[in-house]
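Some notes on the structure that comes next.
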Amino acid sequence: MLALEHISLTYNPGTVREMGLFHDFSLSVPKGQYLCVVGSNGSGKTTMLNLLCGSLSPDHGRVLMEGQDITSHSEHLRARKIGRIHQNPALGSCAQMTILENLALSDCKTKRMGLFPAVDKKQLSRYRDMLTPLGLGLEHMLEARAGTLSGGQRQALALVMAVMTPISCLILDEHTAALDPKTADTIMRLTDQVIRDKGITALMVTHNLRYALDYGSRLVMMHQGQVVLDQTGEDKQKLRLEDVLGLFNQISVECGN
């Protein structure tokens, strides 16, 4: 289980730019659930992900993972159990390193640091087996630098790297937003397959309402740091695009947008 309990967070406290985003906010994601989160800009979606991953700390409240309080844990420590894929494909891999080197580095994520070669040639076959199901030919490009790949190829590589060691949760931060529609559809299908195969808890923030409806087992809409829609299972399956878009537009009108 991944959970935020009674979270409060204020940006720029004590200044003219002070803005309170979360006030006693709570959200629980059961183990194995695939949660899709939508909402307008400034609704708190990415801030929520940053709180979960440790790049932001709450003023009050707790962050829990598998029943353990991880509120005080650093971002790099949480990364051992939480995989994250960003909107920018360039953030998921090192451009100057080869695909092989990127995979080897990710493979060492949970190991003790020391002076030993990161690339183990014995793992070549295993790495190729990981890349082959993507259908992008990356298994034949292990010596290519990640910076030479297309955006879709880099996101697919980032997806493999995020789940190649055992993790408890996968965070997807608008990971298809920078891709063209066809490539975005491909990455979404790959993402869904990986989540199903691994059986991991997943939390995806997206502006694409179709993806939010077509994928995942739960849909949450956020607005001004609050949950305004929360549907799971059959209730989520009954939702229509018009329903979600209507609520989204209603909120926008009420806010003067």
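The values are calculated or read from the model by the stated rules, or taken from the named source; none is laboratory data. Since we're looking at a predicted model, the values are computed, not measured. Every residue, glycine among them, receives a Cβ derived from its backbone with ideal geometry; neighbour counts consider all protein chains shown. Please note that ligands, DNA and RNA were not included when accessible areas were found on the heavy atoms of the full protein model with its side chains. Shrake-Rupley method; radii C 1.70, N 1.55, O 1.52, S 1.80 Å.
Brief remarks on what is shown
- Among 89, 58, 166, the largest mean-square fluctuation in a Gaussian network model of the chain (Cα springs under 10 Å) belongs to 166.
- Longest segment of the chain lacking trypsin sites (Lys or Arg not before Pro) that sit in a DSSP loop with at most 11 other Cβ atoms within 10 Å: 113-239
- Rg/Rh ratio calculated on Cα atoms of the range 122-175 (Kirkwood radius): 0.96
- Residues of the range 1-19 with amide N under 20 Å of the 7 Å Cα→Cβ point at residue 230: 1-9
- Order of exposure, largest accessible area first, which applies to 49, 190 with probe 1.4 Å: 190, 49
- Take every DSSP beta bridge whose two residues both sit in the chain; close to 55 percent of them are antiparallel.
- Split the accessible area of the chain by element, probe 1.4 Å, and carbon with sulfur accounts for 51%.
- For residue 198, the lysines whose Cα falls under 23 Å of its own Cα, not counting residues fewer than eight places away in the same chain, are 31, 81, 109, 111, 236.
- Given R0 = 51 Å, the distance between the Cβ atoms of residue 15 and residue 245 translates into a calculated FRET efficiency of 0.90.
- DSSP bridge analysis restricted to the range 137-257 gives an antiparallel fraction near 55%, rounded to the nearest 5.
- Projected over every direction and averaged, the convex hull enclosing the alpha-carbon atoms of the chain yields 15.4 nm².
- Estimated vicinal HN-Hα couplings, Hz - the range 232-248 in sequence order (Karplus 6.51, -1.76, 1.60; Gly, Pro = x): 10, x, 5, 4, 5, 5, 7, 5, 10, 4, 5, 5, 5, 5, x, 5, 4
- Mean ellipticity per residue at 222 nm, deg cm²/dmol - from DSSP H runs of n ≥ 4 across the chain, formula -39500 (n - 2.57): -10000 deg cm²/dmol
- Using distinct alpha-carbon pairs, which all enter the 1/r mean, Kirkwood radius of the range 65-210 in Å: 15.8
- Sparse-neighbourhood loop sites, GluC sites (Glu not before Pro) in the range 115-206 - DSSP loop, at most 10 other Cβ within 10 angstrom: 143
- The range 1-107 - accessible surface per residue (Å², probe 1.4 Å): 47
- Of the residues 38, 71, 132, the one whose Cα sits farthest towards the positive end of the charge dipole of the range 13-161 is 132 (charges of +1 on Lys and Arg Cβ, -1 on Asp and Glu Cβ, taken about the Cα centre).
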